[in-house]
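Notes for the one structure printed next.
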């Protein structure tokens, strides 16, 4: 049977082949849309492409000009959108590395710099260079300790010396003043920094990029906060009289004669019992703690063992203030008007400093020099080695409640509402800073910056270079009970039950660090940790924060 012949016009037609494609699209080349093209367009496009390719540049330009003149606004907009990306060029593809890195140093935002590394492999390589991150660290003030600058977690207590720019005057050498600055890392609210090896809770930053990342996360944590947990530290109501945050311990003294020792995470370790009345002063040095209080005794403790190693007697009234000048020398001030210098290793009194006519309220130590403030309205400078007074600072009209001493200047705060700055070399009053309307009981000095807090609830930031106010902060509704600042922030606590964080540079309120309480006794912080002692529901509670986690947050125990 002859095979049936199917008419040609009934055979299914083959699908039309797509036109010859243009070069594959790239970030700068875009393929036209052929989804709606008719079959006859293929041949026309081929002819035009071949003709255009054979033209000279001048001919191509004339043809393009004629074609563009025939286009309406919608078509011209399409041309602009199509041509625009092809005219863009990555400058880093042709510039030398040094110039590219120089350009990157002008980026002043960390997120922008980090995201730019995702543009291409070339950008990633350039952004990975440490020079751009070094420039950004310098702009943000994120100086590394290895650069010889005070680390960002350098914190000082009201009255504690910051030693930034420490430069003793030659005239002090006859009093034995140290000519070298001690360790800049201070760990507590009322303790002078001590020269000893530093332990860090995280590996040391190995590059500017990792250093910036670490510091950025810490700063973000300070500004945004996180979950808050609190821990009751005593079943009875006790007033916190002293607080210290060290690398190994959180130490809390109360007016019920107890001293509680916690680990850095806020877990209770020991209770030091031996005082029979309220503890009003203490100062730690590594595993050693020296304390004093209403029972008139000065006690030396081994915090690791939880035992008392010495009981130093001699004062005839409450021990109100304590400082240490080295690992074996402690200085105590008492309501009996005297100061005593103790050898805590041998358990003996080396000197009794007599001169004040009323209670000794505050004391600071720098090298061989002691500065004491008294209710007799005077401050005195003493030599530890000689055990005698070398200078008397007269000028206040009422009791002195706070003193700061950084090796170059003495600053005193008084019930007469004024703050005075003194030259310790000759005893001259350099200036009187006025503005507070009540007792000035909180002082902290760092380089040429002084921060003061008063019973009027205000916090003031002063320039010691020009002797004028930089910021006037209406911080609390009642007395400022605790005050501390570093190179970035001020943290203040008040008897109104609030803890506030302020931007040191702008004077703006950043946030409240914890939930409001009945009263805030003490606040202490380092770069990545903060401890708040407060009264809530008639109970004494502690909030210990840790803000160096990968997710920026403040974790309270």
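Computed from the coordinates by the stated procedures, all read-outs in this text should not be read as laboratory data. Since the model is a prediction, treat every value here as computed from it, not as a measurement. Cβ sites come from the backbone with ideal geometry, for glycine too, and all protein chains shown count toward neighbours.
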Using every pair of alpha-carbon atoms in region 395-460, split the distances into 5 Å bins beginning at 0 and state the percent of pairs per bin, rounded to integers. 4, 20, 32, 26, 14, 4, 0
How much length would be gained if the chain were fully extended between residue 354 and residue 394, taking 0.36 nm per residue of separation minus their Cα-Cα distance, in nm to one decimal? 12.7 nm
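Averaging sequence separations of C-alpha pairs under 8 Å and six or more residues apart, then dividing by the length of region 237-341, give the relative contact order as a whole percent.
Numbers: 266 pairs, mean separation 17.3, N = 105.
The normalised contact order for region 237-341 reaches 17 percent.
Under the 0.36 nm per residue contour assumption, what length would be gained going from the current alpha-carbon distance of residue 256 and residue 131 to full extension?
Stretched out fully, the residue 256 to residue 131 stretch lengthens by 39.5 nm.
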Take every Cα-Cα pair in region 93-142 and report what % of them are more than 12 Å apart. 59 percent
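How much of the pair distance distribution for region 225-546 lies past 24 Å, counting alpha-carbon pairs only, in percent?
Numbers: 27364 of 51681 pairs.
Looking at region 225-546, the distances longer than 24 Å represent 53 percent of pairs.
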Could you order the peptides 106-118, 338-350 from most to least packed, using the average number of other C-beta atoms within 10 Å per residue? 338-350, 106-118
Two pseudo-spin positions, 7 Å from Cα along C-beta at residue 346 and at residue 51, lie apart in nanometres by 11.1 nm
Show log10 I(q)/I(0) for region 457-518 at q = 0.13, 0.19, 0.25, 0.29 Å⁻¹, two decimals, from a solvent-free Debye sum over equal Cα scatterers. -0.32, -0.65, -1.05, -1.31
What order, most packed first, do the peptides 426-435, 491-500, 511-520 have when packing is the mean number of other Cβ atoms within 10 Å of each residue? 491-500, 511-520, 426-435
Where labels lie 7 Å past Cα in the beta-carbon direction, separation of residue 509 and residue 466 in nm: 2.7 nm
How far apart, in nanometres, would the label points at residue 317 and residue 239 be if each is projected 7 angstrom from Cα along the Cα-to-Cβ direction? 1.7 nm
Could you tell me the center-to-center distance, by alpha carbons, between region 238-275 and region 67-145 in angstrom? 54 Å
Provide the packing ranking of 504-510, 124-130, 526-532, i.e. peptides ordered by the mean count of other C-beta atoms within 10 Å per residue, highest first. 526-532, 124-130, 504-510
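Determine one quarter of the surface area of the Cα convex hull of region 376-515, which equals its mean projected area, and express it in nm² to one decimal.
8.6 nm²
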Relative contact order as a percentage, region 225-546, C-alpha pairs under 8 Å and 6+ apart, gives 10 percent
